[in-house]
Ligand SMILES: Nc1ncnc2c1ncn2[C@@H]1O[C@H](COP(=O)(O)OP(=O)(O)OP(=O)(O)O)[C@@H](O)[C@H]1O
């Protein structure tokens with residue numbers, strides 16, 4: 001059974017339709033990249049699926065009560081603001097909140113998950129640094145660690161690799177791929193179509209308020225889809241490293 005299933009799912013913002021009749025079912029073991037031009041509705045799709053903004057139609061997550069949803073789904077928003085100067089360790093520990101009662105001290109298991117999440121994003125040695133004193137990429141990685149520490153079946157992440165250096169973009173995508181290999185599900189929005197093609201098991205292309213294409217990266221990143229939705233021509237080839245993609249040129253004015 002899929003944890004995330006959307007049917008006849010529509011969202012309007014300020015009276016304007018943004019997404020119409022979305023049908024999307026995500027299975028365990030998938031690393032799903034949500035792609036589409038600026039304004040296509042990637043953030044809106046994830047926020048509405050989480051119930052953060054109103055929607056119409058069916059969303060399986062809406063059937064969960066708040067506590068169950070917090071134990072089932074981790075959310076990493078695009079806004080990386082952390083208002084308080086708490087330590088990296090304390091920020092990542094917030095990911096454990098759904099697993100223990102309010103006011104209870106972290107268990108050894110909580111501490112293990114936090115340490116492991118910090119290790120996975122390469123922030124060992126930063127545990128006691130205030131989050132407000134991190135670089136923007138380091139703060140992004142701390143927020144990814146918070147989502148990892150939550151130990152959920154599903155992670156939704158809004159442009160998690162934006163602003164990361166190349167090595168950390170790759171290692172973050174590899175971390176998500178490893179989670180998917182373990183039977184968890186990761187759905188992320190992403191503008192880097194090269195990394196999307198290389199690491200995602202499935203791409204969902206949003207455009208014209210709908211799902212334009214949904215499937216393996218090579219099929220979704222077709223010449224026609226790239227021209228019609230992104231207005232670009234690109235190079236895409238299957239290589240010994242997997243699919244290699246490069247945007248080449250804008251097609252029209
Ligand atoms: N609060 C809001 N009120 C009205 N319209 C909004 C609001 N938030 C977003 N929109 C509009 O909804 C559409 C989808 O926005 P959304 O942020 O989901 O796009 P996106 O695909 O995530 O874009 P980007 O790639 O730029 O992050 C856009 O046209 C945007 O202008």
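The values are calculated or read from the model by the stated rules, or taken from the named source; none is laboratory data. For clarity, every value in this text was computed on a predicted model and none was experimentally measured. Note: ideal-geometry Cβ built from the backbone for every residue, glycine included; neighbour counts use all protein chains shown.
Results, tabulated for the structure shown:
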read-out	value
Some residue of region 30-43 being exposed (fewer than 14 other Cβ atoms within 10 Å of the Cβ), within 16 Å of the ligand (Cβ to nearest atom) and without any contact (Cβ under 8 Å) to a residue 12 or more places away in the chain	yes
Hey, residue 80 within 16 Å of the ligand (Cβ to nearest atom), modelled with pLDDT under 90, out of contact with any strand residue (DSSP E or B) (no Cβ under 6 Å at 6 or more places or on another chain) and over 15 Å from residue 149 (Cα atoms) or not	yes
Matching helices (runs of 4 or more DSSP H) fully within region 41-146 where at least 2 residues are over 30 Å from residue 20 (Cα atoms) and more than 19 Å from the chain's Cα centre (by Cα)	88-93, 108-120
Index of the failed condition, residue 85 passing every other in (1) within 16 Å of the ligand (Cβ to nearest atom); (2) more than 26 Å from residue 216 (Cβ to Cβ); (3) in contact with a strand residue (DSSP E or B) (Cβ under 6 Å, 6 or more places away or on another chain); (4) at pLDDT below 95	(1)
Residue match in region 47-63 (condition: within 16 Å of the ligand (Cβ to nearest atom) and within 19 Å of residue 200 (Cβ to Cβ))	yes
